[in-house]
Amino acid sequence: MARLISLLLPLVLLLSACAVPSSPTRLGADGQPLPKAYRIRWADESRIKFRMLDSVNALRSAAGAPPVELNAQLTAAAATHSRDMSVQNRPWHFGSDGSSPLDRVARAGYTGAMLGEAISETYETELETLAAWMEEPGTKSVILDQRARNMGFAWYQENNGKIWWTLVMGGAQNPGGV
């Protein structure tokens, strides 16, 4: 037995030297561990948009609301705002230029009524973010708004993994403007 151990010990030491060291836990400014970042690859972008659309429509169906479709103008407004929130380093509904959600949707060329916007700053997936939105009465009412027919959805991911999510809901043509 001692001979077996003496033969295996160098092998174990050799293999342990080849092991990939575990990455240290990243700590936030408050000294608390940061969550593991969800990394979005370029190849996953359309899959994420349609997974969110399908999930939103499943929730809407369960609530008796009609389905929504992805809208290019609303998605452009959402993408602009996600990037801008990152620049400002804060999740809020106003742009660094003072623009409101209504302004951004109009600038993007959307001619329907802008019904609401849900935003988030997180390291979580789109579905975890949707679940969190559904727990808050304000964002839940935006997602389940019976008048919604269009949805814009986009994000911006920073190098550190933080994701700035924006979802915008729009409805029928608003004759008086957006």
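The values are calculated or read from the model by the stated rules, or taken from the named source; none is laboratory data. This one's a predicted model, so the numbers in the text were calculated from it and none came from an experiment. Neighbour counts are summed over all protein chains in view; Cβ atoms, including those assigned to glycine, are modelled from backbone coordinates with ideal geometry. Ligands, DNA and RNA are excluded from the accessible area calculation, which covers all protein heavy atoms including side chains. Shrake-Rupley method; radii C 1.70, N 1.55, O 1.52, S 1.80 Å.
Under the classification rounded if a/c is under 1.5, otherwise prolate if a/b is larger than b/c and oblate if not, where does region 97-150 fall, given a ≥ b ≥ c as square roots of the Cα gyration tensor eigenvalues? Taking the square roots of the gyration eigenvalues as a ≥ b ≥ c, region 97-150 is oblate.
Among residues other than residue 151 with Cβ under 10 Å from its Cβ, the summed charge is +2 (Lys and Arg +1, Asp and Glu -1). Other residues lying with their Cβ under 15 Å from the Cβ of residue 68 contribute a combined charge of +2, Lys and Arg counting +1, Asp and Glu -1.
Shown for region 44-106: the carbon plus sulfur share of the solvent-accessible area, taken with all protein chains present and a 1.4 angstrom probe, equals 54%. For residue 104, the shell of other residues with beta-carbons less than 10 Å away shows a net charge of -3, using +1 for Lys and Arg and -1 for Asp and Glu. For region 55-178, the Kirkwood estimate of the hydrodynamic radius, built from every pair of different alpha carbons, is 14.4 Å.
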